[in-house]
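The values are calculated or read from the model by the stated rules, or taken from the named source; none is laboratory data. In this text the structure is predicted, and so the values were computed from the model without any measurement. Glycine also receives a Cβ, built like all others from the backbone with ideal geometry; neighbour counts cover every protein chain displayed. Note: areas computed on protein heavy atoms with side chains; ligands, DNA, RNA excluded. Shrake-Rupley method; radii C 1.70, N 1.55, O 1.52, S 1.80 Å.
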Amino acid sequence: MKLSLSEVEALARKAMRGAGASWGHAEEAGKAVRWLAARGLPGPERLAQLLTDWPGEAVQGDRESGWHGATGRLCPIRAGCLLQDHAGLEGPDQARFHQVVVPDLMLPFAAASGMPLDVPRGDVADIVARRGPREPAPETATVCPVDAATHQTLESWAARTYVPASDASRAGAGSTLSDND
């Protein structure tokens, strides 16, 4: 199935909220997945992979020693937000992130922060971001192909944000007035 970049972003945002992410991190996840998809990279697939074993948002550490997740593994969305927050501050010319899960989800944050990084292959990696210019890959896509399994995974996480229908939610829906002008 093919989704527009807006649909990909909205689905990613809802899926992250369904996983328990804060509103801000869900918003950033949507933007990151859209950024990857616009460049022909597998953003939705990588988010689905992250959510099947999501380490949550708890982070420990600092810029000097590096950041890591409270459980040992670090969410790439949280790591990306930290990267952007600290990129403009005085201090070391690099930032370290330990045991980042699905590390290529950090690429959009690196592009926006001016602290490029090389993402090693693998599902969990230590990452060092250094100050320095790097041109981000240009957008090449306006739609994103999403396989059925990935779509189902993201939709199932997104469905956790929906309020179940009830008699109370249906009561008073719609107008009781006639609109026969």
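Values for this structure:
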{"quantity": "Using a Förster distance of 30 Å, the FRET efficiency for ARG121-THR52 (Cβ separation, nearest 0.05)", "calculated": "0.95"}
{"quantity": "Over the chain, relative contact order from alpha-carbon pairs under 8 Å, at least 6 apart, %", "calculated": "27"}
{"quantity": "Charge dipole (debye, nearest 20) of the chain; +1 at Cβ of Lys and Arg, -1 at Cβ of Asp and Glu", "calculated": "240"}
{"quantity": "Angle in degrees between helix 5-18 and the longest Cα principal axis of the chain, rounded to the nearest 10", "calculated": "90"}
{"quantity": "Cut-off of 10 Å, at most 14 other beta carbons, DSSP loop: longest stretch of the chain lacking such GluC sites (Glu not before Pro)", "calculated": "1-63"}
{"quantity": "Cα-based Rg of the range 57-112 normalised by 2.2 N^0.38 Å, two decimals", "calculated": "1.02"}
{"quantity": "Positive-pole candidate from GLN60, ALA38, ALA10, dipole of the chain, charges at beta carbon", "calculated": "GLN60"}
{"quantity": "Sites MET1 and ALA159, calculated FRET efficiency, Cβ-Cβ separation with R0 22 Å, nearest 0.05", "calculated": "0.80"}
{"quantity": "Residue-averaged [θ]222 nm for the chain, counting only DSSP H segments that reach four residues, each worth -39500 (n - 2.57)", "calculated": "-12000 deg cm²/dmol"}
{"quantity": "Folded to 0 to 90 degrees: helix 148-158 orientation relative to the chain principal axis, Cα", "calculated": "80"}
{"quantity": "Accessible surface of the chain, 1.4 Å probe, proportion on carbon and sulfur as whole %", "calculated": "51"}
{"quantity": "Nearest-ten-degree value, helix 23-38 long axis tilted from longest Cα axis of the chain", "calculated": "80"}
{"quantity": "Sequence-separation-based contact order of the range 28-113, relative, with Cα cut under 8 Å and 6+ spacing, percent", "calculated": "33"}
